[in-house]
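The values are calculated or read from the model by the stated rules, or taken from the named source; none is laboratory data. This structure is a prediction, so every number in the text was calculated from the model and none was measured. With ideal geometry, Cβ positions are generated from the backbone for all residues, glycine too; neighbour counts draw on all protein chains shown.
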Amino acid sequence: MKRPQLERPALLEARDVTRLYGPGKGCEAIDFTLHAGEVLGIVGESGSGKSTLLRTLCGMEAPDAGRVLYHGHEGELDLYAIGEARRRALLRMEWGLVHQNPRDGLRLGVSAGANVGERLMALGQRHYGQLRAAGQDWMGRVELDPGRIDDAPQHFSGGMQQRLQIARTLVTRPRLVFMDEPTGGLDVSVQARLLDTLRTLVRELGLSVVLVTHDLAVARLLADRLLVMRRGRVVESGLTDQILDDPQHAYTQLLVSSVLTP
Amino acid sequence: MTAMNQPFLSVESLDKTFVLHGQDGLRLEVMRDLSLTLAPGECLVLAGRSGIGKSTLLKMLHGSYRVTGGRLRLHFEDGELDLADLPAHAWHQLRRDVIGYVSQFLRVVPRVPAVEVVMEPLLARGADAAEARGKAEALLARLNLPERLWSLPPGTFSGGEQQRVNIARGFIGEHPLLLLDEPTASLDAANRDVVVELIREAKARGTAMLGIFHDEDVRERVADRLLPLDRHMRARTRLPDTDPQETP
Amino acid sequence: MNGYNFAYLDEQTKRMIRRGLLKAVAIPGYQVPFGGREMPMPYGWGTGGMQLTASILGEDDVLKVIDQGADDTTNAVSIRAFFERVAGVETTTDTAAADVIQTRHRIPETPLSAGQVLVFQVPIPEPLRFIEPSEEETRVMHALEEYGVMHVKLYEDIARHGHIATTYAYPVKVDGRYVTDPSPIPKFDNPKLHMSDALMLFGAGREKRLYAIPPHTRVESLDFEDHPFEIQAWDAPCAMCGARDSFLDEVITDDAGGRMFVCSDTDYCQKCREEVA
């Protein structure tokens, strides 16, 4: 047997990224590489800076220092050195963002079909029949009833809204998806179903994901690798099961041992 | 595959120490100076008192535990790979293609039908879904899992049924190195026989296996060699139980 | 007339507006902010259009004012009287004879010719406003051509009604670049914007924005490949002049449900009847 080729190309790199609102508020000196096809979880308690880091990584907030590099179809891009136009185009075409609150990522007043179709329309898709077919297909993929394609999501449950947001984000087949507590506000049983849907989609679409969560059970199920954040800094990183089963840093040990297991 | 007499895995002077920061940096040395070699087609069984943490070695070989000291090497035709200093992301593919793991407990993925749990390692390699399903069903049938259970999520299965799903999932990938953590613990005699057969077939394929079997009968039937651990291991009784297979 | 500058506005204001108009002509469909003045009438009555008209009107120009196609409605009559009084210009109802036509909600049926200027009164100049309340954000959307959301609106129309139900203020793309609100004209008039010989100016008084479609500019109405843009059609011709090619208004004739359809463009209807006679 030949030695396996274990190196994967880098997709997203944070190079010494700092974004501080005040002392200890925000994130500081963050350095990591996300490889193609990886799900990277960023875990930590509230206030640890993980959401700030996510905003900085996904182009919504420029860092005070450091660089975010993306290796896309056009080669390496320095996210904050390119213009806003290209940055937003990237978010629209090659990236996706799933908000914790589906209300932030959906147009609640327009139909489910239009919500799913919007990113396609933004890319120039101009065939109503095809948009509608894509809408039905994607509602099916995220296990929503395609018969509800003309219903507005304001009448959907929280779990259904989150599924719709995921469909709306993935319909353009992004390479890289950022998720901020995607199962955050949901009931436990709804959470489990959604996690399973996400796992399947990640595998089928070969997605690379940056996932922010405070929930270690969610991280265990979805993430290949974890960064543990505390007070704006990464205190430990490694394989998900290594971090959770053999934590090295004092804080990670505390975090892991604080989880309630039924 | 390397020649049968050349080791595929070699472990040299392996040490493992847990440092418990929550207990004033208490150092628990659980493994000291463990060495072994394992050839393709060989099944090496870890022997020792129960409760001394035999699965620690398997977890280090699977990347779940960090290595404190020593070397863990895989020998390929064109070079070797030291597992002790691999970057984390390198493990994804290593686990997918090279190192398989059959744990004692099935980690329940909510809502996924048993047959898909078994198929997953093949799908992860991009295998054809119909082909993967065929192999998964054949394995479940061999392991006498009633067909009506195949399409149900294993969360509600009995311990023995879950274990068989887990074994099928572990064997389907035909990894060159397979780590077996008490795979027969909750099986009846007939199914233990099936597992013994599966292990023998894997040996014939050239799979290198490292296993823990508390069942003496199975151990004797599959083991080519025993590796006594008592001299190298110390129970980590003061550690909290953080077995991944038991947390949801 | 004493006490007023020619055409009511002072020369500095007119210059400021004309500079804005030059910019608007240079960037077809782009909304240019301008320092709108108070006019002696309330917002919503055409203050934006009037400021533009006042800024471009010359002493020799002939002015026509229409409201929903008619020369004889209150709004049209008042604005025409206003400019007769403050500019002393000649006015007309004859589309072909006018140099400047100020309009609310219609484009005349008679084809416009080179040298003519059509001034539209605009209530809401921002076509993206229905979905995005922030002016800062809509400007970025225009700058980056993020127009997917315009088709969301049309998609919703088809999903709900089976066809694109937007019938007026139907959004257009000007010169392949800016999505623009053509003011609340019926979509029947949209094709007249395309490659027009005349200059089209748009003024929004409350929002203090102006924009332009210069002559011979491409103007496309947004649509889907399988639901192409279509204009309204009527089963019967105009009940008064018999025209089959004009935009018809429904007129209720009695309390018993009687009604008829007549040209909304009164000048055109008149001309047709004269021709027949």
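So, residue C:156, is that one surrounded by 19 or more Cβ atoms within 10 Å (Cβ to Cβ), in a loop (DSSP other than H, G, I, E, B) and either within 12 Å of chain A (Cβ to nearest Cβ) or of a type in the set (D, E, K, R) (or both) or not?
Working: surrounded by 19 or more Cβ atoms within 10 Å (Cβ to Cβ): yes; in a loop (DSSP other than H, G, I, E, B): no; either within 12 Å of chain A (Cβ to nearest Cβ) or of a type in the set (D, E, K, R) (or both): yes.
Taking the combined requirement at face value, the residue does not satisfy it.
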Would you please list the contacts, defined by Cβ atoms under 7 Å and residues six or more apart or on different chains, that run from a residue in segment A:134-149 that is more than 22 Å from residue A:191 (Cα to Cα) to a residue that is of a type in the set (Val, Ile, Thr)? A:134/A:116; A:134/A:171; A:135/A:116; A:135/A:149; A:136/A:149
Please determine whether any residue of segment C:231-245 is crowded, with 17+ Cβ neighbours inside 10 Å, within 29 Å of residue C:53 (Cα to Cα) and of a type in the set (Gly, Ala, Ser). no
Against the definition (closer than 22 Å to residue C:243 by Cα and in a strand (DSSP E or B)), how does residue C:103 come out, yes or no? yes
Quick one: in segment B:134-154, of everything that is assigned to a helix (DSSP H, G or I) and not aliphatic (A, V, I, L, M), which residue is surrounded by the fewest Cβ atoms within 10 Å (Cβ to Cβ)? B:148
Exactly one condition in (1) touching an Asp or Glu at 6+ places or on another chain (Cβ under 7 Å); (2) surrounded by fewer than 18 Cβ atoms within 10 Å (Cβ to Cβ); (3) closer than 25 Å to residue A:237 by Cα; (4) within 14 Å of another protein chain (Cβ to nearest Cβ) is false for residue B:69; which is it? (4)
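Run down C:189, C:197 and say which single residue is out of contact with any strand residue (DSSP E or B) (no Cβ under 7 Å at 6 or more places or on another chain), crowded, with 21+ Cβ neighbours inside 10 Å and at pLDDT 95 or above. Quick ask: steps written out before the conclusion?
Values: C:197 fails: crowded, with 21+ Cβ neighbours inside 10 Å.
After ruling out the rest, the residue left standing is C:189.
Go through segment B:72-103 and give me each residue that's assigned to a loop (DSSP other than H, G, I, E, B), modelled with pLDDT of 90 or more and either at the interface with another protein chain (Cβ under 7 Å from one of its Cβ atoms) or closer than 26 Å to residue B:199 by Cβ (or both).
Of segment B:72-103, the ones assigned to a loop (DSSP other than H, G, I, E, B) are B:77-78, B:86-89, B:98, B:103.
The next check asks that each one be modelled with pLDDT of 90 or more; those that pass are B:77-78, B:86-89, B:98.
Listed by number, the residues that qualify are B:77, B:78, B:88, B:89, B:98.
Select from segment B:32-46 the residues that are more than 12 Å from chain A (Cβ to nearest Cβ) and closer than 21 Å to residue B:8 by Cβ and list them in ascending order. Full working, then the answer.
Within segment B:32-46, the first condition is being more than 12 Å from chain A (Cβ to nearest Cβ), and the residues that meet it are B:32-39, B:41-46.
Those that are more than 12 Å from chain A (Cβ to nearest Cβ) and closer than 21 Å to residue B:8 by Cβ: B:34, B:35, B:36, B:37, B:38, B:39, B:41, B:42, B:43, B:44, B:45, B:46.
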Of (1) outside any helix (DSSP H, G or I); (2) within 14 Å of chain C (Cβ to nearest Cβ); (3) on the phi < 0 side of the Ramachandran plot, residue A:186 satisfies all except one. Which? (2)
Residue hits (segment C:46-61; crowded, with 19+ Cβ neighbours inside 10 Å and either in contact with a Phe, Trp or Tyr (Cβ under 9 Å, 6 or more places away or on another chain) or free of Cβ contacts under 8 Å to residues at least 40 places away in the same chain (or both)) are C:48, C:49, C:50, C:51, C:52, C:53, C:54, C:57
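For segment B:5-62, give me the residue count where each residue is without any contact (Cβ under 8 Å) to a residue 40 or more places away in the chain and in a helix (DSSP H, G or I). Working first, answer last.
Within segment B:5-62, the first condition is being without any contact (Cβ under 8 Å) to a residue 40 or more places away in the chain, and the residues that meet it are B:5, B:19, B:21-22, B:24-25, B:27, B:35, B:37, B:59.
Filter once more, so that each one left must be in a helix (DSSP H, G or I): B:21-22, B:59.
Result for segment B:5-62: 3.
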Spot the failing condition for residue C:138; the list is (1) part of a helix (DSSP H, G or I); (2) surrounded by fewer than 16 Cβ atoms within 10 Å (Cβ to Cβ), and only one is missed. (2)
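In the list A:206, A:185, A:158, which residue meets the criterion of being of a type in the set (Gly, Ala, Ser), in contact (Cβ under 8 Å) with a residue 12 or more places away in the chain and under 25 Å from residue A:11 (Cβ atoms)?
Working: A:185 fails: under 25 Å from residue A:11 (Cβ atoms); A:158 fails: under 25 Å from residue A:11 (Cβ atoms).
Of the residues listed, the single one that is of a type in the set (Gly, Ala, Ser), in contact (Cβ under 8 Å) with a residue 12 or more places away in the chain and under 25 Å from residue A:11 (Cβ atoms) is A:206.
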Segment B:104-117, residues that are at pLDDT 90 or above, within 16 Å of residue B:173 (Cβ to Cβ) and of a type outside the set (Asp, Glu): B:115, B:117
Identify all residues within segment A:85-100 that are over 11 Å from residue C:146 (Cβ atoms) and either assigned to a helix (DSSP H, G or I) or among the aliphatic types (A, V, I, L, M) (or both); write none if there are none. A:86, A:87, A:90, A:93, A:97, A:98
Of the conditions (1) in a strand (DSSP E or B); (2) within 21 Å of residue A:46 (Cβ to Cβ); (3) touching a Gly at 6+ places or on another chain (Cβ under 6 Å), residue A:177 clears all except one; give me its number. (2)
Restricted to segment B:47-66 and to residues being within 13 Å of another protein chain (Cβ to nearest Cβ) and of a type in the set (S, T, N, Q), the residue nearest to the chain's Cα centre (by Cα) is B:55
Go through the residues of segment B:213-222 one by one and say whether even a single one is out of contact with any Cys (no Cβ under 7 Å at 6 or more places or on another chain), modelled with pLDDT of 95 or more and among the aromatic types (Phe, Trp, Tyr). no
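In a strand (DSSP E or B) and under 22 Å from residue B:144 (Cβ atoms) - does that describe any residue in segment B:210-223?
Start the filter on segment B:210-223 by keeping residues that are in a strand (DSSP E or B), which leaves B:210-212.
Now restrict to residues that are under 22 Å from residue B:144 (Cβ atoms): B:211.
Checked segment B:210-223: at least one residue is in a strand (DSSP E or B) and under 22 Å from residue B:144 (Cβ atoms).
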Looking only at segment C:77-86, decide whether some residue is within 16 Å of residue C:200 (Cβ to Cβ) and in contact (Cβ under 8 Å) with a residue 60 or more places away in the chain. no
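Any residue in segment A:135-146 that is within 14 Å of chain C (Cβ to nearest Cβ) and closer than 27 Å to residue C:229 by Cβ? Quick ask: steps written out before the conclusion?
Initially, segment A:135-146 is screened for residues within 14 Å of chain C (Cβ to nearest Cβ), giving A:135-136, A:139, A:146.
With closer than 27 Å to residue C:229 by Cβ added as a condition, the list becomes A:135-136.
For segment A:135-146, residues within 14 Å of chain C (Cβ to nearest Cβ) and closer than 27 Å to residue C:229 by Cβ: present.
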So residue A:73, is it in the same structural domain as residue A:16 (by TED's automatic domain parsing), more than 30 Å from residue A:24 (Cβ to Cβ) and either touching a residue at least 40 places away in the same chain (Cβ under 8 Å) or out of contact with any Pro (no Cβ under 7 Å at 6 or more places or on another chain) (or both): yes
Being touching a Ser or Thr at 6+ places or on another chain (Cβ under 9 Å) and either surrounded by 23 or more Cβ atoms within 10 Å (Cβ to Cβ) or not in a loop (DSSP other than H, G, I, E, B) (or both) is the filter here, so list the residues in segment A:19-37 that pass it. A:19, A:20, A:21, A:25, A:26, A:27, A:28, A:29, A:30, A:32, A:34, A:35
When residues of segment C:107-121 are filtered for being surrounded by fewer than 23 Cβ atoms within 10 Å (Cβ to Cβ) and more than 14 Å from residue C:215 (Cβ to Cβ), how many remain? 2
Are any of the residues in segment A:150-172 buried (at least 20 other Cβ atoms within 10 Å of the Cβ), more than 28 Å from residue A:208 (Cβ to Cβ) and out of contact with any strand residue (DSSP E or B) (no Cβ under 8 Å at 6 or more places or on another chain)? no
